[in-house]
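**Q** Questions regarding the structure given below will be posed in turn.
The values are calculated or read from the model by the stated rules, or taken from the named source; none is laboratory data. Computed from a predicted model, the values in this text were never measured in an experiment. When we count neighbours, we look across all protein chains shown, and the Cβ atoms used for this are built from the backbone with ideal geometry, even at glycine.
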Amino acid sequence: MRPIVCQGHTRPLTRVRYNRDGDLMFSAGKDAKFNVWSSATGELIGSYDGHTGVVWDIDVDANTTRTMSGSADSSARLWDARSGKCLYTWTTASPVRSVAFTPEADLALIVTDKKMGQPCTAIIVEIKDNVADIPEAPLNIFLPEPELTPATIARWGPEHTIYMGHENGTVSCWDAMSGERIASKKIHSGVVTDLQFSEDGTYFITSSKDMSAKILDLKLHVIKNFQTERPVNSACICPVKEHVILGGGQDASQVTTTTAKVGKFESRFYHKILQQEFGRVRGHFGPINTVAVHPDGTSFTSGGEEGLIRLHHFDPDYFRFKLDPRDP
């Protein structure tokens, strides 16, 4: 499995993700860049230019007509996916930590940081075909605090629910329309670093600085637990094989004191059902900050602290491999 190394960022990666069709891969970084790549060749296609601070999170709608980004420059932006033109900007009172479209892309979620004297805030905005029709006022605003610590990641669940990971390891579920908390549970003992849903949206995986990743159902019951020896910064669920991929490694502040081997800068593969690790992919020279898997399960991408993206197309042996005889 020889990787394609994509060089388009000068600072650490914060997010990589694929569009629904899987032909494009998107990346964001601490260099204020938001790029789009060919997922087949790793060729840089273009960028969405305009942010002046770290781009913490990105999303792309189901038809790949629009993308969205959230930045430490205290703004969230809506973009034309093809032209790269900025269509709309939401200005916030503090840095934006997380953004996400609903599956229908009629609404979007913007979550801001608890900084500059401002609370962590969840903002629900309407998305219109004609951007001139986008209302200036949000559809709803609610505060995940003071009941819970600030949110680090947020994603849409079914029926206009929102699932959040928090600084204290809690995972919570909210009604986006009313702002009411439906449920919350302490899942991790450290910061929740990522939250990614399964392809069918019936369960999701979280990762944490507590050196674990966990699969939860929609009622926040822990179904599976994957333990490691290093902080886990990101985790994703493979759509074809019964696998999950974890990325992380020794904290960036300690990277200069170790080698890549000791730092555990590998993408780690676990069997989703057996919770057993069966493979690792090396190559990064610093912690892996973000991982994503192709919607067809044919490749995966990792983004590192060193500013490199590694795009891996799975070999035929990967699809023939069976840790469990019942595997597809």
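**Q** Does the range 41-68 hold any residues that are aliphatic (A, V, I, L, M) and in contact (Cβ under 8 Å) with a residue 24 or more places away in the chain, and which are they?
**A** L44, V54, V55, I58, V60, A62, M68
**Q** Please tell me if S71 is under 20 Å from the mean Cα position of the chain (by Cα), closer than 24 Å to V16 by Cβ, surrounded by 18 or more Cβ atoms within 10 Å (Cβ to Cβ) and without any contact (Cβ under 8 Å) to a residue 40 or more places away in the chain.
**A** Judged against the criteria, S71 is a match.
**Q** Name the residue, out of A183, A151, A213, that is over 22 Å from G70 (Cβ atoms), among the aliphatic types (A, V, I, L, M) and within 15 Å of the chain's Cα centre (by Cα).
**A** A213
**Q** Which condition number in (1) of a type in the set (V, I, T); (2) within 15 Å of V244 (Cα to Cα); (3) out of contact with any Ser or Thr (no Cβ under 9 Å at 6 or more places or on another chain) is the one that T202 fails?
**A** Going through the list (1) of a type in the set (V, I, T); (2) within 15 Å of V244 (Cα to Cα); (3) out of contact with any Ser or Thr (no Cβ under 9 Å at 6 or more places or on another chain), T202 breaks only (2).
**Q** For T91, state whether it is modelled with pLDDT of 95 or more, within 23 Å of K30 (Cβ to Cβ) and over 21 Å from the mean Cα position of the chain (by Cα).
**A** Considered against the rule, which asks whether it is modelled with pLDDT of 95 or more, within 23 Å of K30 (Cβ to Cβ) and over 21 Å from the mean Cα position of the chain (by Cα), T91 comes out as yes.
**Q** Are there any pairs with C-beta distances below 9 angstrom linking a residue in the range 300-328 that is at positive phi to a residue that is in a strand (DSSP E or B) and modelled with pLDDT of 95 or more, with the two at least 6 apart or on different chains, and if so which?
**A** These pairs meet every condition: G307/L13; G307/G29.
**Q** Can we say Y48 is in contact with a strand residue (DSSP E or B) (Cβ under 9 Å, 6 or more places away or on another chain), more than 24 Å from S198 (Cα to Cα), among the aromatic types (F, W, Y) and buried (at least 21 other Cβ atoms within 10 Å of the Cβ)?
**A** Considered against the rule, which asks whether it is in contact with a strand residue (DSSP E or B) (Cβ under 9 Å, 6 or more places away or on another chain), more than 24 Å from S198 (Cα to Cα), among the aromatic types (F, W, Y) and buried (at least 21 other Cβ atoms within 10 Å of the Cβ), Y48 comes out as yes.
**Q** Determine whether K224 is of a type outside the set (S, T, Y), touching a strand residue (DSSP E or B) at 6+ places or on another chain (Cβ under 6 Å) and surrounded by 15 or more Cβ atoms within 10 Å (Cβ to Cβ).
**A** yes
**Q** Also: Find all pairs meeting these conditions: Cβ atoms under 6 angstrom apart; at least six residues apart or on different chains; first residue within the range 93-107 and free of Cβ contacts under 8 Å to residues at least 60 places away in the same chain; second residue part of a strand (DSSP E or B) and of a type in the set (S, T, N, Q).
**A** Within 6 Å, the pairs are S94/T112; V96/S71; V96/T112.
**Q** Any residue in the range 289-296 that is outside any strand (DSSP E or B), in contact with a Ser or Thr (Cβ under 9 Å, 6 or more places away or on another chain) and modelled with pLDDT of 95 or more?
**A** Yes, the range 289-296 contains a residue that is outside any strand (DSSP E or B), in contact with a Ser or Thr (Cβ under 9 Å, 6 or more places away or on another chain) and modelled with pLDDT of 95 or more.
Here's the yes/no breakdown for (1) out of contact with any Leu (no Cβ under 6 Å at 6 or more places or on another chain); (2) not small (G, A, S):
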{"position": "S47", "(1), (2)": "yes, no"}
{"position": "W56", "(1), (2)": "yes, yes"}
{"position": "G70", "(1), (2)": "yes, no"}
{"position": "A76", "(1), (2)": "yes, no"}
{"position": "L87", "(1), (2)": "no, yes"}
{"position": "A100", "(1), (2)": "no, no"}
{"position": "T112", "(1), (2)": "yes, yes"}
{"position": "P138", "(1), (2)": "yes, yes"}
{"position": "P150", "(1), (2)": "yes, yes"}
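**Q** Which condition does M164 not pass, out of (1) buried (at least 22 other Cβ atoms within 10 Å of the Cβ); (2) in contact with a Gly (Cβ under 9 Å, 6 or more places away or on another chain), if it passes all the others?
**A** (2)
Conditions tested, residue by residue: (1) touching a strand residue (DSSP E or B) at 6+ places or on another chain (Cβ under 8 Å); (2) surrounded by fewer than 20 Cβ atoms within 10 Å (Cβ to Cβ); (3) not aliphatic (A, V, I, L, M).
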{"residue": "C120", "(1), (2), (3)": "yes, no, yes"}
{"residue": "E126", "(1), (2), (3)": "yes, yes, yes"}
{"residue": "A132", "(1), (2), (3)": "no, yes, no"}
{"residue": "L143", "(1), (2), (3)": "yes, yes, no"}
{"residue": "T149", "(1), (2), (3)": "yes, yes, yes"}
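**Q** Within the set of pairs 6+ apart or on separate chains, which have a first residue in the range 130-142 that is under 19 Å from F101 (Cβ atoms), a second that is among the aromatic types (F, W, Y), and C-beta atoms under 6 Å apart?
**A** Here the result reads V131/Y88; I134/Y88, each pair linking the range 130-142 to a residue that is among the aromatic types (F, W, Y).
**Q** Quick check on my filter: what residues within the range 280-320 are among the aromatic types (F, W, Y) and in contact with a strand residue (DSSP E or B) (Cβ under 8 Å, 6 or more places away or on another chain)?
**A** Residues satisfying the conditions are F285, F300, F314.
**Q** Just a yes or no: is a residue in the range 306-320 modelled with pLDDT of 95 or more, touching a helix residue (DSSP H, G or I) at 6+ places or on another chain (Cβ under 9 Å) and under 23 Å from Q7 (Cβ atoms)?
**A** Yes, the conditions are met somewhere in the range 306-320.
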